[in-house]
Amino acid sequence: MAPEITRIESTEFAYELADVGTDGLGFNLAYEPGATVRRKLFAVRVETDVGITGEYVGGNSPAAAQYNTVADYLVGRNPLARERHWSELKRALRKYDRMGIGPIDVALWDFAGKYYDAPIHELLGTYRESIPAYASTYHADDDGGLDSPGAYADFAEQCRDMGYGGFKIHGWGGEQGGVDVDREVETVHAVGDAVGDELDLMLDPACEYETFADALTVGRACDEEGFFWYEDPYRDGGTSQHAHRRLAERLDTPLLLTEHVRGIEAHADFVASGATDFVRADPEYDGGITGAMKLSRIAEGFGLDVEYHAPGPAQRHCLAATRNANYYELALVHPDCDNTQPPVYADGYSDQLDAVDADGHVTVPHGPGLGVTYDWDVIEANRTGRRVYE
């Protein structure tokens, strides 16, 4: 007899990041000594009648709001029927960005791994168990951290010495009147001069550049330094196929887009139009592990690589089951403050700067499901809200 979902619980909780604030306009996280940023996340539990609970910690408020549309559909249904549920939730949330699918789908995969007593990567089909990582920085600051091109170069050398194979710059932003493009170019050259012969280098302006000319100017600096990729440069939000195709025609540096594109069809259209060279996927943003793996196969079919966004146990399992991927993004890292990882792991799992081994790799968790143990005492002690569906 098939198992059934009996209850779904979504818990909002808060945690603090020390020595972290925001830059100019308040959107980008940046190093700020003595400051504290309070962040909120969601913890999802999918309970079943066989005594096994699928769990996932992650997701934002808009995603959690979408649970109200789909959670009642799931209660009473087979948690192993992920593909059927993915299809139904995709249609149910067609008027929205569908980010509510991701956390629930990951929790269903966690259930499946626990049910079959296997890590998720084995259910997907293991390709590797050790994954090369790149260091992905916080945005620049004016407080003695990543506050100059030279500081970025010094940090890149530190990451090289730790074993990292790649280094990604999140530069300046949040300034009224636009980004100082000259400083961005100087940073590209400073990091390239310091470690360009030893590390794969990436630049992610996070959609800060206001004009095509700015994107082209910085992109040409990336060309000169042989950057591995150039990601989401300007204010279209990373969604314009035409604009990025035109940019790609004028640059040698490969583009990495689709972090802000939702849906497998939209990703496929972006690739088919020649608007990106690498495909971005995220199991939280892109419909869970089910959706992210579909994107990896789309990329594979076009002969391209998929690069998973952000760190986390779900990303590690996807990478472990993907041939056409290069790196695990260890983000956000900084020489003087911790990553943004919530303090919810009771088993030592870490995405901090020192999480890589001497070869610059991270390993995939080997326990059943996601293979991590969440500290529910911490989550409950910091709970700020809860919704239950049963």
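The values are calculated or read from the model by the stated rules, or taken from the named source; none is laboratory data. All figures in this text were calculated on a predicted structure; none of them were measured in a lab. A quick note on method: Cβ atoms are made from the backbone with ideal geometry, for glycine too, and the neighbour counts reach across all protein chains shown. For accessibility, only protein heavy atoms count, side chains too; no ligands or nucleic acids. Shrake-Rupley method; radii C 1.70, N 1.55, O 1.52, S 1.80 Å.
The listed peptides 93-104, 366-377, ordered by packing as a protection proxy, come out as 93-104, 366-377 (highest mean of other Cβ atoms within 10 Å first).
A simple spin-label model places the labels of residue 16 and residue 91 4.8 nm from each other, with each point 7 Å out along Cα-to-Cβ.
Using alpha-carbon pairs under 8 Å, 6+ residues apart, how would you state the relative contact order of the chain in percent? Kindly include the intermediate steps, with their values, before the conclusion.
On the way: 890 pairs, mean separation 83.4, N = 390.
So the answer I get is 21 percent.
Within region 166-209, the GluC sites (Glu not before Pro) that combine a DSSP coil assignment with at most 15 other C-beta atoms in a 10 angstrom radius are 175, 198.
Can you bin region 74-199 into rounded, prolate or oblate? Criterion: square roots of the alpha carbon gyration tensor eigenvalues sorted a ≥ b ≥ c, rounded for a/c under 1.5, prolate for a/b above b/c, oblate for the rest.
oblate
Structural size metrics of the chain, computed from C-alpha coordinates, are Rg and Dmax of 20.5, 65 Å. Across region 69-123, the mean sequence separation of Cα contacts (distance under 8 Å, 6 or more residues apart), normalised by length, yields a relative contact order of 34 percent. Figure note: 162, 202 ranked by solvent-accessible area, largest first, 1.4 Å probe, ligands and nucleic acids not counted: 162, 202. Counting Lys and Arg as +1 and Asp and Glu as -1 over every other residue whose Cβ lies under 15 Å from the Cβ of residue 369, the net charge comes to -3. In loop segments of region 136-212 as defined by DSSP, there are no trypsin sites (Lys or Arg not before Pro) with at most 12 further C-beta atoms inside 10 Å of their C-beta. Of 10, 61, the residue with the largest accessible area leads and the full order is 61, 10 (1.4 Å probe).
For region 1-146, with all protein chains present and a 1.4 Å probe, just round the carbon and sulfur fraction of the accessible area to a whole percent.
44 percent
Surface composition of region 272-390: carbon and sulfur atoms hold 43% of the protein heavy-atom accessible area at a 1.4 Å probe.
Each Lys and Arg Cβ is given +1 and each Asp and Glu Cβ -1; about its Cα centre, region 121-273 then shows a dipole of about 640 debye. In the context of the full set of protein chains, the chain has a per residue accessible area of 39 Å² (1.4 Å probe). When the residues 38, 280, 77 are ordered by accessible surface, computed with a 1.4 Å probe over the protein chains alone, the sequence from largest down reads 38, 77, 280. Note on the chain: with a GNM built from Cα contacts shorter than 10 Å, the maximum mean-square fluctuation among 158, 352, 176 falls on 176. Other residues whose C-beta falls under 13 angstrom from the C-beta of residue 358 contribute a net charge of -3, scoring Lys and Arg +1 and Asp and Glu -1. Taking the Kirkwood radius as the inverse of the mean 1/r across Cα pairs, report the Rg/Rh of region 253-371. That ratio is 0.98, to two decimals. Using a/c under 1.5 as the rounded threshold, could you call region 174-313 rounded, prolate or oblate? The axes a ≥ b ≥ c are square roots of the C-alpha gyration tensor eigenvalues, and prolate needs a/b larger than b/c, oblate otherwise. Here region 174-313 falls in the prolate category. Surface calculation, 1.4 Å probe, protein heavy atoms: residue 294 sits at approximately 60 Å² accessible.
Between the C-alpha center of region 234-281 and that of region 5-74 there is a gap of 28 Å. When the helices of the chain are scored as -39500 (n - 2.57) per DSSP H run of n ≥ 4 and the total is divided over every residue, the value at 222 nm lands at -10500 deg cm²/dmol. Of all DSSP beta bridges confined to the chain, the antiparallel ones make up roughly 55%. Relative contact order, whole percent, for region 70-161 stands at 17, derived from Cα pairs under 8 Å and 6 or more residues apart. Computed over region 7-156, the P(r) curve from all C-alpha pair distances, binned at 10 Å from the origin, holds 10, 28, 26, 23, 12, 1 percent per bin. For region 43-85, what does the alpha-carbon gyration tensor say about shape, rounded, prolate or oblate, given a ≥ b ≥ c as the root eigenvalues, a/c under 1.5 as rounded, and a/b over b/c as prolate? Oblate, since a/c reaches 1.5 and b/c is not below a/b.
In region 1-94, taking the dipole from charged Cβ atoms about the Cα centre, the farthest positive-side position among 31, 1, 48 is held by 1. Counting lysine pairs in the chain whose alpha carbons fall under 26 angstrom apart, excluding pairs fewer than 8 residues apart on the same chain, gives 8.
Loop-located chymotrypsin sites (Phe, Trp or Tyr not before Pro) in region 11-78 (DSSP state not H, G, I, E or B) with no more than 14 neighbouring Cβ atoms inside 10 Å: 27.
Report the local net charge at residue 221: Lys and Arg +1, Asp and Glu -1, summed over other residues whose C-beta lies under 9 Å from its C-beta.
Neighbourhood net charge equals -4.
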